[in-house]
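Step one of this worksheet: look at the structure below.
Bear in mind that the values in this text are calculations on the coordinates, not laboratory data. These numbers come from a predicted model, not from an experiment. Ideal geometry is used to build each Cβ from the backbone, glycine not excepted, and the neighbour counts take in all protein chains shown.
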Amino acid sequence: MGAAGQSLIAGLMRAKFAPALTAVMLLAAALFAACGGEGRQDEPQAAGEPLKIGYLADYSGPIAEFGPALETAARLAVKHLNGGGGVLGRDVELLTGDTTLDPARVVEEARRLVEVEGVHAIVAALPTAQVLALVESVAAPAGVPTISPTATSPQLTFAEDDDLLFRSTVSDAAQGPVLAQLAADEGYVNVGLLYINDPYGQGLSQAFLDAWDGRASAVPIADGASSYLSELLLAAEGGAEALIAIAYPSEAEIFLREAIEHGLFERFLFVDATKSPDLIEAIGAERLEGMKGTAPTGDPASNSLRMFDRAYRAEYGELPRLAFVRETYDAVIAIGLAAAAAGSTEGVRIRDQLRAVGGVDGIVVEAGAGGVEDGLRALGRGEAINYEGAAATLDWDAAGDLRTGFIGVWRYADGGIEELSVQPVTLRNEAR
């Protein structure tokens, strides 16, 4: 066929199918506009790909009682996300790793979760030093957002993390002053203080000392020692009336027993890490009876807290006894909601939506199965939400710290732990 014939047929074909071609082009344009163009956050992911969240904790080391206890809240959060239809119509999976608090093991497990398991975000239920190690060595270079429900040291505010590190618990810059006020309320003017010599212990002890008007003998201790008698003798110098225990349960068990056996201290004050049922068993309920402490907690007037407590009790038969359980739930829920808001499981896109889903603007979303489902549906409709966490309002500042939170005062009583009061706190920093 000659060129003229081909041109004539092409013209007839265009004339015959012009309406259909126009309709197809208009439909394609509409779909492109709805997606906002190439590269937008709501660009579809691979069909059926789950949102994978890594959970790193200690299951066999110095704070092994915390790992499984906090995992219960993470599992409950995953159940609520999946019960609400999943994230982007896909299941949420929780993949765990045991760090034993060994820095090398922390990095190794983080690499496994990121490079082998392919997690999209991490919940790091670890002390500050371990959180810094995994973020700076693994998570930040890989673009994986990390939320810690447990790392409270003020040092975390200044981490080099490419804005990928957040925490769902309040900084010890807030707990320190409440601890100082508790010591004063107990009538103490001279205290001894043993603190674990890591970022957690250093940060909380310094926050206490900055707010304390009395006398204090603060002594650092190393982890893993078989005795702390020499440190106790230094802390008791000058007639200290009570010992403040800023350490992990494994170390606290040793120096509390030595303090009692050698008659160095009979009165103690505790913090979040030493709010421990294991210490009751190790030291004896009668020795700890009436001793008080501080720890991050939730707002007792919050309906979101009540909804979490109701769901947790229904799932496990009792309320949590350790600190940071509700904060762990909030961390997982925040990741799921941020991924839904981003329309993506890509780590950086999840990060970019965390402040939005926890900010003050949007439809209020509460903890619990119903609240989480409502939040996912609202995001699916393109609406903004404000997740009010079970432990705190997740209003993150530029450093990934909570702007507000709550510190509770508690005591060992009747062989258990009794909550006494809650104080709201507000933090401001200029880290970034």
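Which of the following residues is free of Cβ contacts under 8 Å to residues at least 60 places away in the same chain and not hydrophobic (A, V, I, L, M, F, W, C): 171, 250, 205?
Answer to the check: 205.
Could you check residue 406 against (1) surrounded by fewer than 18 Cβ atoms within 10 Å (Cβ to Cβ); (2) touching a residue at least 24 places away in the same chain (Cβ under 8 Å) and say which number it fails?
(1)
May I ask you to say which residue of 184, 173, 235, 180 is within 30 Å of residue 139 (Cβ to Cβ) and not in a strand (DSSP E or B)? Give the steps one after another, and end with the answer.
On the way: 184 fails: within 30 Å of residue 139 (Cβ to Cβ); 235 fails: within 30 Å of residue 139 (Cβ to Cβ); 180 fails: within 30 Å of residue 139 (Cβ to Cβ).
When all the criteria are applied, what remains is 173.
Does residue 185 qualify as being of a type in the set (Asp, Glu), more than 22 Å from residue 338 (Cβ to Cβ), in contact (Cβ under 8 Å) with a residue 60 or more places away in the chain and surrounded by fewer than 24 Cβ atoms within 10 Å (Cβ to Cβ)?
The answer is no for residue 185.
Answer yes if at least one residue in region 218-239 is buried (at least 21 other Cβ atoms within 10 Å of the Cβ), among the small types (Gly, Ala, Ser), free of Cβ contacts under 8 Å to residues at least 40 places away in the same chain and out of contact with any strand residue (DSSP E or B) (no Cβ under 7 Å at 6 or more places or on another chain), and no otherwise.
no
Out of 110, 140, I need the residue that is part of a helix (DSSP H, G or I) and out of contact with any helix residue (DSSP H, G or I) (no Cβ under 8 Å at 6 or more places or on another chain). Which one?
140
All but one of (1) more than 23 Å from residue 285 (Cα to Cα); (2) out of contact with any Lys or Arg (no Cβ under 9 Å at 6 or more places or on another chain) hold for residue 192; which doesn't?
Failed condition: (1).
Of all residues in region 301-334, how many are closer than 14 Å to residue 388 by Cβ and loosely packed, with under 14 Cβ neighbours inside 10 Å?
Qualifying residue count, region 301-334: 1.
Quick test for you: out of 238, 224, pick the one residue that is at positive phi and in contact with a Pro (Cβ under 9 Å, 6 or more places away or on another chain).
Being at positive phi and in contact with a Pro (Cβ under 9 Å, 6 or more places away or on another chain) holds for just one of 238, 224, which is 224.
Quick one: would you say residue 348 is in contact (Cβ under 8 Å) with a residue 12 or more places away in the chain, assigned to a helix (DSSP H, G or I) and crowded, with 23+ Cβ neighbours inside 10 Å?
no
Hey, among 272, 213, which residue is in a loop (DSSP other than H, G, I, E, B) and crowded, with 22+ Cβ neighbours inside 10 Å?
Step by step, each of 272, 213 is checked, and only 272 is in a loop (DSSP other than H, G, I, E, B) and crowded, with 22+ Cβ neighbours inside 10 Å.
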